[in-house]
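The values are calculated or read from the model by the stated rules, or taken from the named source; none is laboratory data. All of these numbers come straight from a predicted model, not from anything done at the bench. All Cβ positions, even for glycine, are placed from backbone atoms using ideal geometry, and neighbour counts span all protein chains on display. We work out accessible area using only protein heavy atoms, side chains counted, and drop any ligands, DNA or RNA first. Shrake-Rupley method; radii C 1.70, N 1.55, O 1.52, S 1.80 Å.
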Amino acid sequence: MEESGSRGVILTGMQPTGTLHLGNFLGAANRWNRMLERHTCYFFIPNQHAITVPQVPAALRAATLDCVAQYIACGLDPRRCSIFIQSHIVGHTELAWVLGSLTPIGQLYRMHQFKDKSAKGEHIYSGLLYYPILMAADILLYNADYVPTGEDQRQHVELARDLAEKFNATYSETFTVPVPLIEAVGARIMSLKFPERKMSKSDPDGNATIYITDGPEVIWKKIAAAVTDSGDRICADPERPGIANLLNIYCSATNTAVGVAEEKFATYRGYAPFKRELADALIALLGPVRERYAAIKNDKKYLQSVIHNGAETVQPIAHKTLAKVYRKVGFLEKK
Ligand code: TYM
């Protein structure tokens, strides 16, 4: 679904847990700059979400500022949107507490991401279970109309919708009910090595993931080594997840409809020429991102000024929403 019509509020973010990958880029960041024109845009860095799994404090601090550089490198112009850090703003965790009091616990246990992460075992803290409520608070605090994300976040945005509707029904109209913006192509980029699981920063096999900072040689090597199958037809057949994933990446990177790409590659025999075209498309797409990133990543003063300005813009909005919510739920005002 694509947003249309009048100027709306966009809110979205990416966890500061390492260099963004092709899934983050094609599923989300590559579309963000197209939204600056028509909408009021808030892009934030959910560092409070990041601690729901163990982090090294110094690394998290560094990754948070680095994430600001990566956002800008992906095309965000801080003069046309607000970029801010979640923990700098009073309101996210406060609103999450209120929303948590409206959320049946069973709904949290049913969240796919909680099920996946907790199934892996060791570090299952209550923050991981509560995570989707904090995410709902992130969205509702700014009355976002649209939330652009990849497919894996759909269920979380649905929860934000449910909570907005529930709060409005319980206490009177307060929140905008947000609409998820999830593209048909690119919303689910899979691992290059294990195409049945999604591309992720935490994949121990470095060749399974392309990072936005990868140079031409690395991109080519990873694409050349990407898993396909013994066939030679280039098509979006779910029974052949390796080649289907590569075609999906090609379509998203070049903005080509799947049917058009299938027709284009119908005469190709073997996967090598297709892989070369795909790698060239990614090199062309990510080259400017890598260059912008190299130019700003060490300019800490500039990056700090961006998040300072972002916080100055959004804090009054957060305060206003929170004050309204506190009044509605019956918290006594401080005089
Ligand atoms: P995160 O940091 O896991 O991912 C950031 C964005 O990248 C998308 N994405 C993908 N898209 C396609 N293919 C993939 N393999 C892939 N991997 C990641 C995600 O869908 C997301 O859009 N909970 C969120 C962060 C968050 C948030 C929010 C987002 C916290 N509060 C409020 C929107 C609004 C997360 O962990 O995303």
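A few comments on the model shown:
- Criterion: free of Cβ contacts under 8 Å to residues at least 40 places away in the same chain and either open to solvent by less than 20 Å² (accessible area, probe 1.4 Å) or closer than 17 Å to residue 282 by Cα (or both) - qualifying residue of 243, 223, 219, 234: 243
- Check on residue 81, modelled with pLDDT of 95 or more, within 13 Å of the ligand (Cβ to nearest atom), surrounded by 15 or more Cβ atoms within 10 Å (Cβ to Cβ) and not charged (D, E, K, R): no
- When residues in region 176-200 are screened for being open to solvent by 50 Å² or more (accessible area, probe 1.4 Å), assigned to a loop (DSSP other than H, G, I, E, B) and in contact (Cβ under 8 Å) with a residue 60 or more places away in the chain, 2 of them pass.
- Identity of the residue in region 164-175, open to solvent by 10 Å² or more (accessible area, probe 1.4 Å) and of a type outside the set (Phe, Trp, Tyr), that ends up farthest from the ligand (Cβ to nearest atom): 172
- Hits in region 154-163 - residues which are surrounded by 22 or more Cβ atoms within 10 Å (Cβ to Cβ) and more than 10 Å from the ligand (Cβ to nearest atom): 163
- The set of residues in region 98-116 being open to solvent by 80 Å² or more (accessible area, probe 1.4 Å) and farther than 22 Å from residue 329 by Cβ consists of 109, 110, 112, 115, 116.
- Residue in region 132-153 that is least open to solvent (accessible area, probe 1.4 Å), counting only those that are more than 13 Å from residue 175 (Cα to Cα) and in contact with a His (Cβ under 6 Å, 6 or more places away or on another chain): 132
- In summary, residue 43 fulfils each of the numbered conditions (1) open to solvent by 10 Å² or more (accessible area, probe 1.4 Å); (2) closer than 16 Å to residue 150 by Cα; (3) at pLDDT 95 or above with the single exception of condition (1).
- Residues (under 30 Å from residue 170 (Cα atoms), open to solvent by 70 Å² or more (accessible area, probe 1.4 Å) and free of Cβ contacts under 8 Å to residues at least 12 places away in the same chain) located in region 273-325: 316, 320
- Being under 30 Å from residue 61 (Cα atoms), exposed (fewer than 12 other Cβ atoms within 10 Å of the Cβ) and not β-branched (Val, Ile, Thr) is a description that does not apply to residue 333.
- Criterion: out of contact with any helix residue (DSSP H, G or I) (no Cβ under 8 Å at 6 or more places or on another chain), outside any helix (DSSP H, G or I) and open to solvent by 20 Å² or more (accessible area, probe 1.4 Å) - qualifying residue of 127, 121: 121
- For region 8-19, filtered to residues that are more than 21 Å from residue 318 (Cβ to Cβ) and out of contact with any strand residue (DSSP E or B) (no Cβ under 7 Å at 6 or more places or on another chain), the residue that is farthest from the ligand (Cβ to nearest atom) is 18.
- Some residue of region 26-34 being within 11 Å of the ligand (Cβ to nearest atom), touching a helix residue (DSSP H, G or I) at 6+ places or on another chain (Cβ under 6 Å) and either closer than 24 Å to residue 208 by Cα or modelled with pLDDT of 95 or more (or both): yes
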